[in-house]
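The values are calculated or read from the model by the stated rules, or taken from the named source; none is laboratory data. Predicted model only: the values in this text are computed from it and were never measured. Using ideal geometry, Cβ is built from the backbone for each residue, glycine included, and neighbour counts are taken over all protein chains shown.
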Amino acid sequence: MMLLSGDPPRSRVLTLILVVIILALAATPFLFPGAKALNVAAKICVFAALVASYDLLLGYTGTVSFAHTMFYGIGSYAIAIALYGIGPNWAAVATGIVVGLPLAALLALAIGLFSLRVAAIFFAMITLAVASAFQVLASQLSWLTGGEDGRSFQLPELLRPGTVLISKNLFGFEVNGRILTFYLVFAISALMILALLRVVNSPFGRVLQAIRENRFRAEALGFRTVFHLTYANCLAALVAASAGILNALWLRYAGPDTSLSFSIMLDILLMVVIGGMGTIYGAIIGATIFILAQNYLQSLMGVASKAAGEAGLPLLPGLLHPDRWLLWLGLLFIASVYFFPTGVVGRLRNGRGEKNAGASH
Amino acid sequence: MTDLAASDPLPKPKRDLAPILLPIALALIMIPLVGSPSTWLTLTAASLAMGMMIFIMASGLTLVFGLMDVLNFGHGAFIAVGAYVATLVFAPFAASVQADSLWVNLAVLAPAALLSMAVSGALGLVVERVLILPVYGQHLKQILMTTGGLIVAEQTLYALWGPQIIPMPLPASLRGSFILGDVAIAKYRVLAMLIGLAVFIAIQLVLNRTKLGLLIRAGVENREMVEALGYRIRRLFLGVFMTGSALAGLGGVMWALYREQVHASMSDELTVLIFVVVIIGGLGSIGGCFIGALLVAMVANYGGFLVPKLALVSNILLMVAVLMWRPRGLYAVTSR
């Protein structure tokens with residue numbers, strides 16, 4: 001209870017699902033052999049933290065930011081450039097963190113002070129513009145960022161796949177640097193999610209919710225809403241940048257496609273909405289569903305597309321082509337905003353409560 | 001105290017001239033910086049043409065927001081759809097497009113533009129009914145829904161036309177430039193300027209000289225009051241939304257011809273551009289949108305000439321500068 005900051009999942013089914021997800025993630029290196037399963041699990045961890053930090057903004061303050069991938073990208077690039085420039089040692093990792101996190105926080109502060117003063121809708125548009133400018137900048141400053149190719153780098157000795165920590169004959173499993181990296185990603189992501197849970201259940205988090213519900217009233221009660229919103233924005237940016245660092249460490253690469261592209265922003269939005277806005281737990285569920293679907297449904301779409309092509313159906317092969325994955329995602333997105341605005345978590349939490357609410361209207 | 005006789009005209013509202021002077025001042029400052037007057041003229045013409053095209057695309061967005069408080073993040077999709085529809089007309093009449101006669105060219109260009117506007121407008125109807133109607137008054141959901149709409153539209157374009165860039169050659173008679181002394185002004189830019197100016201004047205006339213425009217302006221100021229007076233603001237809004245979408249389609253055709261290519265990702269790029277313009281101008285203001293479009297185009301052109309590296313972030317810098325001066329845009333709509 002202490003760990004969850006007094007905000008348990010509040011639904012038996014939800015608790016069960018969360019426990020299964022977390023156990024499965026923790027045991028992935030031993031349960032599911034192969035590089036793909038481990039990659040998927042690491043990605044779920046990173047995105048769960050990233051989406052949870054976005055939920056702090058979207059779900060708890062009701063502001064839509066399109067710059068979240070920018071902070072994610074700052075983290076990724078900071079660590080990548082540091083490890084690429086300095087060499088594969090821990091000093092470089094520390095440099096990346098020391099440079100990346102404050103940079104993300106400062107930028108979030110600047111954007112927040114600048115655009116959160118006016119209407120929330122301005123914030124959405126301005127973050128979109130700033131993020132796209134940043135993306136262009138990152139791909140153009142190729143002496144620093146490697147341009148479209150991005151930066152590949154080597155990890156410190158301890159985290160490399162070749163480093164065997166516990167040899168195979170002891171447990172029947174080999175624990176190498178790769179698995180250590182995975183657990184590093186897992187643990188830090190879990191810590192960040194727990195910290196976010198702590199933030200949203202603190203008095204500060206309550207003020208954020210008050211601002212979401214009615215900004216004027218919150219202001220009238222004496223809360224400096226701009227300060228609170230900017231603070232939330234900076235916190236979210238910090239967690240996003242940390243998630244970016246983890247992602248870069250896992251991939252040993254940072255590039256525009258993996259850390260800055262607009263489609264990642266859409267993925268995040270979709271995960272928040274599917275999982276359930278304003279719940280934090282929704283981030284874990286949303287990220288799991290989405291990334292599993294992305295990795296395993298896409299190949300299914302390829303099969304379906306081929307079958308439709310062989311059956312001579314018009315248009316369907318094009319629509320079902322794996323590259324058109326985003327199309328179905330977009331449809332799913334619209335449908336979930338429209339039909340399930342509370343997401344999976346909201347549904348599970350008050351499947352019964354909603355009926356009561358409906359009766360009282 | 002002077003009494004107003006009944007026949008006297010009403011006192012005019014104060015005109016806010018500073019924003020209008022801004023692009024003019026910017027252009028004048030650039031004369032010594034650019035150096036040669038002929039280059040300056042070419043750049044200025046290019047900025048005006050580009051600005052007009054951006055204005056055509058952005059005008060619908062700002063009106064829709066002003067009237068109904070709806071921010072359409074999928075506005076860029078109408079632009080791309082317009083451009084793609086035009087390629088449908090251009091492809092079978094490739095010979096007429098390449099014929100060296102202005103009238104034959106225009107005979108293809110005009111129907112293509114009209115068809116694009118019709119399709120974008122019809123798509124606007126569908127989007128308004130399906131995506132926006134269920135989420136009136138909820139900004140958060142509007143942003144999410146229309147962003148979803150943008151993805152779906154873009155991906156559908158990819159599915160129908162494929163991911164490759166479709167070339168869209170300029171009609172033969174619009175290629176090349178008018179040469180005046182040592183100043184070269186591309187012919188197509190002159191056409192774009194004329195169309196843009198025509199659209200701007202038409203919008204201004206409709207808004208300021210007709211009953212329809214009166215209602216739209218009244219709706220921007222106070223929606224409930226217009227409704228209370230018995231006008232169906234919903235239908236009015238639908239009309240504005242469709243017109244805005246159609247204008248976006250027209251802008252898409254013009255932009256595609258300007259770039260001489262069509263690609264589904266243009267909806268993303270242009271969404272950002274028109275957002276910057278609409279923010280600079282002040283959400284809901286047509287005049288502000290016009291000036292914002294000109295400013296963005298000028299900064300892009302002059303900036304690209306003087307400091308090419310700066311052009312990447314010039315839009316953001318411009319936006320920051322304008323918002324420092326006027327936090328709600330050049331012309332803030334009073335009711336918001």
(message) Any residue in segment A:316-327 that is within 7 Å of chain B (Cβ to nearest Cβ) sitting within a Cβ distance under 7 Å of a residue that is of a type in the set (Phe, Trp, Tyr)? List the pairs, counting only those 6 or more apart or interchain.
(response) A:324/B:158
(request) Could you list, in sequence order, all residues of segment A:243-263 that are in a helix (DSSP H, G or I) and modelled with pLDDT of 90 or more? (result) A:243, A:244, A:245, A:246, A:247, A:248, A:249, A:250, A:251
(request) Any chance you could count how many residues in segment A:214-264 are in contact with a Lys or Arg (Cβ under 9 Å, 6 or more places away or on another chain) and within 14 Å of chain B (Cβ to nearest Cβ)? (result) 1
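Just to check your reading of the model, which residue among A:165, A:184, A:197, A:208 is among the aliphatic types (A, V, I, L, M), closer than 20 Å to residue A:75 by Cα and either touching a residue at least 40 places away in the same chain (Cβ under 8 Å) or touching a strand residue (DSSP E or B) at 6+ places or on another chain (Cβ under 9 Å) (or both)? Let's see the steps before the verdict.
Working: A:165 fails: closer than 20 Å to residue A:75 by Cα; A:197 fails: closer than 20 Å to residue A:75 by Cα; A:208 fails: closer than 20 Å to residue A:75 by Cα.
Selected residue: A:184, the only one of A:165, A:184, A:197, A:208 that is among the aliphatic types (A, V, I, L, M), closer than 20 Å to residue A:75 by Cα and either touching a residue at least 40 places away in the same chain (Cβ under 8 Å) or touching a strand residue (DSSP E or B) at 6+ places or on another chain (Cβ under 9 Å) (or both).
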(message) Of the conditions (1) away from chain B (no Cβ under 14 Å); (2) of a type in the set (S, T, N, Q); (3) in contact with a helix residue (DSSP H, G or I) (Cβ under 7 Å, 6 or more places away or on another chain); (4) more than 15 Å from residue A:244 (Cα to Cα), residue A:181 satisfies every one except a single condition; which number is it?
(response) (4)
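Quick check, is residue A:113 assigned to a helix (DSSP H, G or I), more than 9 Å from chain B (Cβ to nearest Cβ) and under 22 Å from the mean Cα position of the chain (by Cα)?
Numbers: assigned to a helix (DSSP H, G or I): yes; more than 9 Å from chain B (Cβ to nearest Cβ): yes; under 22 Å from the mean Cα position of the chain (by Cα): no.
Considered against the rule, which asks whether it is assigned to a helix (DSSP H, G or I), more than 9 Å from chain B (Cβ to nearest Cβ) and under 22 Å from the mean Cα position of the chain (by Cα), residue A:113 comes out as no.
Within segment B:27-142, which helices (runs of 4 or more DSSP H) (wholly inside it) include 1 or more residues that are within 14 Å of chain A (Cβ to nearest Cβ)?
B:37-68, B:75-90, B:102-127
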(request) Looking at (1) assigned to a helix (DSSP H, G or I); (2) within 24 Å of residue B:140 (Cα to Cα), find the lone condition where residue A:190 falls short. (result) (2)
(message) When the residues of segment B:297-313 are narrowed to those that are facing chain A (nearest Cβ under 9 Å) and part of a helix (DSSP H, G or I), which ends up nearest to residue B:39 (Cα to Cα)?
(response) B:309
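Out of everything in segment A:52-83 that is in a loop (DSSP other than H, G, I, E, B) and of a type outside the set (A, V, I, L, M, F, W, C), what residue ends up being nearest to residue A:255 (Cα to Cα)?
So the residue we want is A:65.
Residue-wise test of (1) modelled with pLDDT of 95 or more; (2) not in a helix (DSSP H, G or I).
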site: A:1; (1), (2): no, yes
site: A:7; (1), (2): no, yes
site: A:17; (1), (2): no, no
site: A:26; (1), (2): no, no
site: A:36; (1), (2): no, no
site: A:44; (1), (2): yes, no
site: A:50; (1), (2): yes, no
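Looking only at segment A:150-162, filter to residues that are surrounded by 19 or more Cβ atoms within 10 Å (Cβ to Cβ) and assigned to a loop (DSSP other than H, G, I, E, B); which one of those is nearest to the other protein chains (Cβ to nearest Cβ)?
Residues of segment A:150-162 surrounded by 19 or more Cβ atoms within 10 Å (Cβ to Cβ): A:150-151, A:153, A:155, A:159.
Right, trim to assigned to a loop (DSSP other than H, G, I, E, B) and you get A:150, A:153, A:155.
Values: A:150: 18, A:153: 25, A:155: 32 Å.
Only one residue tops the list, namely A:150.
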(request) Collect the residues in segment B:291-336 that are farther than 23 Å from residue A:135 by Cβ and buried (at least 17 other Cβ atoms within 10 Å of the Cβ), keeping them in residue-number order. (result) B:291, B:294, B:298, B:302, B:305, B:328, B:329, B:330, B:331, B:332, B:333
(request) Assess whether residue B:76 counts as being under 17 Å from residue B:148 (Cβ atoms) and surrounded by 24 or more Cβ atoms within 10 Å (Cβ to Cβ). (result) yes
(message) If I filter segment B:281-292 for residues that are assigned to a helix (DSSP H, G or I), within 25 Å of residue B:84 (Cα to Cα) and within 13 Å of another protein chain (Cβ to nearest Cβ), do I get at least one hit?
(response) no
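I'd like to know if segment A:119-133 contains one or more residues that are within 12 Å of another protein chain (Cβ to nearest Cβ), part of a loop (DSSP other than H, G, I, E, B) and among the hydrophobic types (A, V, I, L, M, F, W, C).
Going residue by residue through segment A:119-133, those that are within 12 Å of another protein chain (Cβ to nearest Cβ) are A:119-133.
From what is left, the residues that are part of a loop (DSSP other than H, G, I, E, B) are A:119.
So of that shortlist, the ones also among the hydrophobic types (A, V, I, L, M, F, W, C) come out as A:119.
Yes, some residue in segment A:119-133 is within 12 Å of another protein chain (Cβ to nearest Cβ), part of a loop (DSSP other than H, G, I, E, B) and among the hydrophobic types (A, V, I, L, M, F, W, C).
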(request) Starting from residues that are more than 10 Å from chain B (Cβ to nearest Cβ) and polar (S, T, N, Q), keep the ones in segment A:136-149 and report whichever is surrounded by the most Cβ atoms within 10 Å (Cβ to Cβ). (result) A:145
(request) Among residues belonging to segment B:143-181 that are part of a strand (DSSP E or B) and surrounded by 14 or more Cβ atoms within 10 Å (Cβ to Cβ), point out the one that is farthest from the other protein chains (Cβ to nearest Cβ). (result) B:177
